[in-house]
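The values are calculated or read from the model by the stated rules, or taken from the named source; none is laboratory data. All of these numbers come straight from a predicted model, not from anything done at the bench. Don't worry about glycine lacking a Cβ; one is built from the backbone with ideal geometry, like all the others, and counts go over all protein chains shown.
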Number of protein chains: 2
Amino acid sequence: MKVSIALIGVLVSLLCVTSCSAEKNNKEWRVLDSSNTILLTLPHGKVVIELAPQFSPKHVAQFKQLVKQGFYDGVTFNRVIDGFVAQAGPKEDSEKDKSVPLLAMESNWSTDSTWSFTKVQENDFYAAQTGFKESFAVAYEPTNVQEGTGKAWLTHCPGVLAMARQNEADSASSHFYFVIGQAPRYLDGIMTIFGRVVYGMQHIQAIQRTEAIEGEYAVDSRDYTAIVKMEIMTDVPKAQQIHIEVENTASSDFLERIEKRRHRTHEFFYQKPPPVLDVCQIPLRSRLVK
Amino acid sequence: MKVSIALIGVLVSLLCVTSCSAEKNNKEWRVLDSSNTILLTLPHGKVVIELAPQFSPKHVAQFKQLVKQGFYDGVTFNRVIDGFVAQAGPKEDSEKDKSVPLLAMESNWSTDSTWSFTKVQENDFYAAQTGFKESFAVAYEPTNVQEGTGKAWLTHCPGVLAMARQNEADSASSHFYFVIGQAPRYLDGIMTIFGRVVYGMQHIQAIQRTEAIEGEYAVDSRDYTAIVKMEIMTDVPKAQQIHIEVENTASSDFLERIEKRRHRTHEFFYQKPPPVLDVCQIPLRSRLVK
């Protein structure tokens with residue numbers, strides 16, 4: 001099947017019926033807010049993280065405060081499981097660890113008829129609908145179709161930054177993790193996601209794993225990857241700042257691109273895959289700007 | 001919900017109705033066949049790969065022949081896209097490249113009523129059923145339920161090894177890739193998967209990316225990661241051999257483990273996720289043996 005531009009237009013507008021009405025900004029790229037952008041310096045490279053105060057304000061506020069204090073400088077990634085997560089935090093139950101207040105979960109927010117997002121797919125395993133909201137992968141479940149109410153939450157795609165916790169819901173403090181493998185969507189809604197990597201994900205992937213397989217020597221904790229420095233971008237000297245723009249997932253350019261991705265018109269696809277999209281398998285582009 | 005061992009037993013036997021009857025070997029671990037195991041030495045670590053001659057015999061035969069010739073020693077990973085694939089091969093259109101015969105696709109094999117696999121999930125986006133066959137993630141689609149016929153194929157989970165190709169179906173030769181990101185399942189059935197990483201996946205994840213984002217300097221090809229050596233394990237001097245056993249995905253231990261994974265009985269899950277499993281999100285354990 002050849003998908004014409006006209007057809008893509010129709011598909012795009014269909015996708016937008018319930019979800020795009022409030023999206024005003026049609027620019028292809030979106031400038032990050034430097035005051036909600038983190039520069040993470042690892043021994044082997046630099047990583048830029050976009051925080052999400054619009055979704056998880058209390059987690060972002062506490063995380064930024066810790067970053068400003070230099071809390072994470074020298075902290076190691078002490079639970080790094082290939083294909084799963086790279087987690088960092090102070091020594092468990094240390095004074096430093098216990099000094100940080102606990103945070104209440106931030107997820108599963110209620111939405112009304114004015115809420116919108118860029119819908120990508122219906123009926124994935126974990127949600128009635130998936131898509132993007134301000135470049136974050138989200139899931140959406142209608143609760144009352146007539147009233148237009150529902151609930152939404154951020155989903156655990158590779159590259160997201162979330163706060164670890166104890167068994168209790170409201171027990172996160174300072175230990176955080178990046179998802180480094182196939183999306184652990186079963187954690188959706190019970191962990192607070194509060195950011196995502198927008199630059200340097202390969203350096204997150206290169207963090208030393210801490211788990212040895214059966215029969216192998218345990219990894220020496222002196223080999224764990226330590227954070228050299230974690231800073232809010234506005235606090236970084238101008239010459240060392242990294243300025244990133246990310247794809248605007250509310251733009252018509254983006255919608256067109258995901259519809260092309262869904263329909264795989266390139267001749268490489270001598271047999272077409274099913275026209276479905278895994279929200280965690282859609283790369284979101286970043287670009288470096290002066 | 002608390003899932004009792006008895007309930008797990010019932011679930012396991014339900015899972016097996018159509019799929020486990022022919023699985024005889026109930027041992028928890030499976031020894032790899034050294035003659036179909038590859039030792040890949042990278043500058044930063046060693047990787048062990050299990051080949052799949054039972055699924056893709058011609059690809060495995062040609063790959064092993066190339067490995068034996070030392071064809072891949074010094075070859076670079078020249079297309080490495082974070083979150084997608086790490087691909088290696090000789091210089092495009094070089095004499096070396098053109099010297100290798102083209103391979104016909106090996107996927108989508110027909111099955112009859114004697115065929116069995118360990119079913120994990122129904123109705124994922126890309127297949128009626130997913131599961132494991134000899135530790136490889138497979139998808140299955142019945143074609144005639146009464147006769148018990150169907151078709152099956154290997155799926156693109158992280159860590160699989162597959163042959164790249166040109167636009168034509170039967171155009172693979174020597175260029176191969178590892179999946180390093182969220183499963184690109186849209187490639188299922190149109191690419192030949194012929195192995196998977198069973199040890200050292202973190203070293204595959206640390207391969208130098210070759211794609212720069214817009215606005216950044218292009219990656220210097222002299223920085224590409226080169227293969228130090230690729231050998232069939234039986235050709236490696238005994239003292240340097242790495243012996244791996246992998247989880248036997250046909251065992252009752254494995255079935256029990258995935259059912260526990262599905263139902264998440266640990267108190268950490270203060271709210272239970274939907275009882276579904278993404279076949280690419282189930283870690284398969286390996287262990288090192290003398």
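Take A:Phe132 and decide whether it is within 14 Å of chain B (Cβ to nearest Cβ), modelled with pLDDT of 95 or more and under 19 Å from the mean Cα position of the chain (by Cα).
Answer is no for this residue.
If I go through segment B:34-63 residue by residue, how many of them are surrounded by fewer than 18 Cβ atoms within 10 Å (Cβ to Cβ) and farther than 22 Å from B:Ile207 by Cβ? Give the steps one after another, and end with the answer.
At the first step, the residues of segment B:34-63 found to be surrounded by fewer than 18 Cβ atoms within 10 Å (Cβ to Cβ) are B:34-35, B:43-46, B:53-54, B:57-58, B:61.
Right, trim to farther than 22 Å from B:Ile207 by Cβ and you get B:34-35, B:53-54, B:57-58, B:61.
Going through segment B:34-63 one residue at a time, the tally reaches 7.
I'd like the full set of residues that are of a type in the set (S, T, N, Q) and not in a strand (DSSP E or B), limited to segment B:114-126. Before the answer, list the steps.
Let us first name the residues in segment B:114-126 that are of a type in the set (S, T, N, Q), namely B:114, B:116, B:118, B:121, B:123.
Within segment B:114-126, B:Thr114, B:Ser116 meet the criteria.
Given the structure, is A:Thr118 in contact (Cβ under 8 Å) with a residue 40 or more places away in the chain and away from chain B (no Cβ under 11 Å)? Talk me through it step by step, then tell me what you get.
Details: in contact (Cβ under 8 Å) with a residue 40 or more places away in the chain: yes; away from chain B (no Cβ under 11 Å): yes.
Yes, satisfied.
Take B:Pro90 and decide whether it is at pLDDT 95 or above and surrounded by fewer than 14 Cβ atoms within 10 Å (Cβ to Cβ). Spell out the reasoning first.
Values: at pLDDT 95 or above: yes; surrounded by fewer than 14 Cβ atoms within 10 Å (Cβ to Cβ): no.
The answer is no for B:Pro90.
Could you please tell me which pairs satisfy a Cβ distance under 8 Å, a separation of 6+ or placement on different chains, a first residue in segment B:87-113 that is in a helix (DSSP H, G or I), and a second residue that is of a type in the set (D, E, K, R)?
B:Asp97/B:Lys91
Being within 14 Å of chain B (Cβ to nearest Cβ), surrounded by fewer than 17 Cβ atoms within 10 Å (Cβ to Cβ), modelled with pLDDT of 95 or more and farther than 19 Å from A:Ala52 by Cβ, is that true of even one residue in segment A:227-236? Don't jump to the end; show me each part of the working.
Taking segment A:227-236 and keeping what is within 14 Å of chain B (Cβ to nearest Cβ), we get none.
So far as segment A:227-236 goes, no, none of its residues is within 14 Å of chain B (Cβ to nearest Cβ), surrounded by fewer than 17 Cβ atoms within 10 Å (Cβ to Cβ), modelled with pLDDT of 95 or more and farther than 19 Å from A:Ala52 by Cβ.
Assuming A:Tyr72 fulfils every condition listed in (1) touching an Asp or Glu at 6+ places or on another chain (Cβ under 9 Å); (2) closer than 28 Å to B:Gln205 by Cα apart from one, which condition is it?
(1)
Show me the strands (runs of 3 or more DSSP E) found entirely inside segment B:198-290 where at least 2 residues are free of Cβ contacts under 8 Å to residues at least 12 places away in the same chain and at negative phi. Spell out the reasoning first.
Working: elements: B:229-232, B:243-247, B:286-289.
The strands (runs of 3 or more DSSP E) meeting that bar number zero.
Out of B:Val47, B:Val67, which single residue is within 20 Å of B:Ala183 (Cβ to Cβ) and either hydrophobic (A, V, I, L, M, F, W, C) or in a strand (DSSP E or B) (or both)?
Working: B:Val67 fails: within 20 Å of B:Ala183 (Cβ to Cβ).
Being within 20 Å of B:Ala183 (Cβ to Cβ) and either hydrophobic (A, V, I, L, M, F, W, C) or in a strand (DSSP E or B) (or both) holds for just one of B:Val47, B:Val67, which is B:Val47.
Those residues that are under 17 Å from the mean Cα position of the chain (by Cα) and either within 12 Å of chain B (Cβ to nearest Cβ) or within 22 Å of B:Gln182 (Cα to Cα) (or both), I need them from segment A:241-276; list them, please.
Applying the first criterion (under 17 Å from the mean Cα position of the chain (by Cα)) to segment A:241-276 yields A:244-250.
Once the filter is applied, which keeps residues that are under 17 Å from the mean Cα position of the chain (by Cα) and either within 12 Å of chain B (Cβ to nearest Cβ) or within 22 Å of B:Gln182 (Cα to Cα) (or both), segment A:241-276 yields A:Ile244, A:Glu245, A:Val246, A:Glu247, A:Asn248, A:Thr249.
So, of the residues in segment B:160-179 that are within 11 Å of another protein chain (Cβ to nearest Cβ) and surrounded by fewer than 24 Cβ atoms within 10 Å (Cβ to Cβ), which turns out to be nearest to the chain's Cα centre (by Cα)?
As a first pass, look at segment B:160-179 and keep what is within 11 Å of another protein chain (Cβ to nearest Cβ): B:164-171, B:179.
From what is left, the residues that are surrounded by fewer than 24 Cβ atoms within 10 Å (Cβ to Cβ) are B:164-171.
Working: B:Ala164: 14, B:Arg165: 18, B:Gln166: 21, B:Asn167: 22, B:Glu168: 23, B:Ala169: 20, B:Asp170: 20, B:Ser171: 21 Å.
If we take residues in segment B:160-179 being within 11 Å of another protein chain (Cβ to nearest Cβ) and surrounded by fewer than 24 Cβ atoms within 10 Å (Cβ to Cβ), then B:Ala164 is nearest to the chain's Cα centre (by Cα).
Would you say A:Tyr186 is farther than 22 Å from B:Arg209 by Cβ, within 14 Å of chain B (Cβ to nearest Cβ), modelled with pLDDT of 95 or more and surrounded by 18 or more Cβ atoms within 10 Å (Cβ to Cβ)?
Yes: the conditions hold for A:Tyr186.
For A:Lys290, state whether it is within 13 Å of another protein chain (Cβ to nearest Cβ), surrounded by fewer than 16 Cβ atoms within 10 Å (Cβ to Cβ) and at pLDDT below 95.
Values: within 13 Å of another protein chain (Cβ to nearest Cβ): yes; surrounded by fewer than 16 Cβ atoms within 10 Å (Cβ to Cβ): yes; at pLDDT below 95: yes.
Yes.
Pick out the one residue from A:Thr192, A:Thr149 that is modelled with pLDDT of 95 or more, more than 10 Å from every other protein chain (Cβ to nearest Cβ) and crowded, with 24+ Cβ neighbours inside 10 Å. Full working, then the answer.
Details: A:Thr149 fails: crowded, with 24+ Cβ neighbours inside 10 Å.
Sole residue among the options that is modelled with pLDDT of 95 or more, more than 10 Å from every other protein chain (Cβ to nearest Cβ) and crowded, with 24+ Cβ neighbours inside 10 Å: A:Thr192.
Quick check on segment A:224-233: of everything there that is of a type in the set (Val, Ile, Thr) and within 21 Å of the chain's Cα centre (by Cα), which residue is nearest to A:His203 (Cα to Cα)?
First, the residues of segment A:224-233 that are of a type in the set (Val, Ile, Thr): A:225, A:227-228, A:232.
Next cut, within 21 Å of the chain's Cα centre (by Cα) only: A:227, A:232.
Details: A:Ile227: 12, A:Ile232: 18 Å.
My answer is A:Ile227.
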